[in-house]
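Student: Take a look at this one; I'll ask things after.
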Amino acid sequence: MDASSGEIEGVVLVRPTGHGDDRGRFAETYRREWFPGAREMVQGNRSDKVAGSLVGLHYHLRQADYWYAVRGTIRVVLHDLREGSPTAGRTMAFDMGGGEGGGEGGGEGDELGVYIPPGVGHGFAALTDATVSYLVDQYYNPADELGVAWDDPDIAADWGVRDPVLSTRDQRNPRRADLPPIRPVGA
């Protein structure tokens, strides 16, 4: 496993080492030790999306996420909403999946996981039909399910899709300028 910090403070990108033979492939997709100082993950979730779907941008004040694309290819967009963060206002985008670990062709080295701390806006667009497995360090709490407009020009995200399929919730998220100061709790 190769871990590196992303462009946003506290975001960690990992490249799990995969192993293959005539039977198929194996990769450890998550290890607690990859994220020193992070809380224990307590809930696992799965999201299946059709190509062209867009999820986000969501954020939490209390919850961190760890994502891994099990099948297909997604474009991940992250935006640092945290007041006082050294990378506040920074946006990053990258593709996950598409390799053998991601499910749809490709080769070694294409596998990627991402740890997203509280206060960092996060979303993804399904560039192909895709399945994302994600772990969270807090149990589901509707009061901590917050969002910001996916198409906010102040965030200027490149989602890699045209005319995305969005949930009603994601169509109604406010612009970044309309959010109160973002201060994560207990992160």
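The values are calculated or read from the model by the stated rules, or taken from the named source; none is laboratory data. Source: prediction; values computed, not measured. Methodologically, a virtual Cβ is constructed for each residue, glycine included, from the backbone with ideal geometry; neighbour enumeration extends over all protein chains shown.
Student: Restricting to the range 144-170, give me the number of residues that are loosely packed, with under 11 Cβ neighbours inside 10 Å, without any contact (Cβ under 8 Å) to a residue 12 or more places away in the chain and within 22 Å of Trp67 (Cβ to Cβ).
Tutor: Selection size over the range 144-170: 0.
Student: Which of (1) out of contact with any Phe, Trp or Tyr (no Cβ under 7 Å at 6 or more places or on another chain); (2) in a strand (DSSP E or B) is the odd one out, the single condition Gly123 does not satisfy?
Tutor: All conditions are met except number (1).
Student: Considering only the range 130-143, how many residues are surrounded by fewer than 17 Cβ atoms within 10 Å (Cβ to Cβ), under 15 Å from Val185 (Cα atoms) and not aliphatic (A, V, I, L, M)?
Tutor: Adding up the residues that qualify gives 2.
Yes/no per residue for (1) at pLDDT 95 or above; (2) over 21 Å from Phe35 (Cα atoms); (3) touching a Leu at 6+ places or on another chain (Cβ under 6 Å); (4) not in a loop (DSSP other than H, G, I, E, B):
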site: Gln63; (1), (2), (3), (4): yes, no, no, no
site: Tyr66; (1), (2), (3), (4): yes, no, yes, yes
site: Val70; (1), (2), (3), (4): no, no, no, yes
site: Leu78; (1), (2), (3), (4): yes, no, no, yes
site: Ser85; (1), (2), (3), (4): yes, no, no, no
site: Gly89; (1), (2), (3), (4): yes, yes, no, no
site: Ala93; (1), (2), (3), (4): yes, no, no, yes
site: Gly99; (1), (2), (3), (4): no, yes, no, no
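Student: In the range 121-131, what residues are farther than 20 Å from Gly10 by Cβ and either modelled with pLDDT under 95 or of a type in the set (A, V, I, L, M, F, W, C) (or both)?
Tutor: Residues satisfying the conditions are Ala125, Ala126, Leu127, Ala130.
Student: Right, here's the next one. Can you tell me which residue within the range 171-184, out of those that are surrounded by 12 or more Cβ atoms within 10 Å (Cβ to Cβ) and aliphatic (A, V, I, L, M), is farthest from His60 (Cα to Cα)?
Tutor: Only one residue tops the list, namely Leu179.
Student: While we're here: Give the residue, chosen from Gly6, Gly44, that is under 26 Å from Arg82 (Cβ atoms) and modelled with pLDDT of 95 or more. So that I can check it myself, show each step before the final result.
Tutor: Numbers: Gly6 fails: modelled with pLDDT of 95 or more.
Only one candidate passes the filter, namely Gly44.
Student: Right, here's the next one. For the range 17-57, give me each residue that is part of a strand (DSSP E or B) and surrounded by fewer than 16 Cβ atoms within 10 Å (Cβ to Cβ).
Tutor: Result: His19, Gly20, Asp21, Gly24, Arg25, Phe26, Gln43, Gly44, Asn45, Arg46, Asp48.
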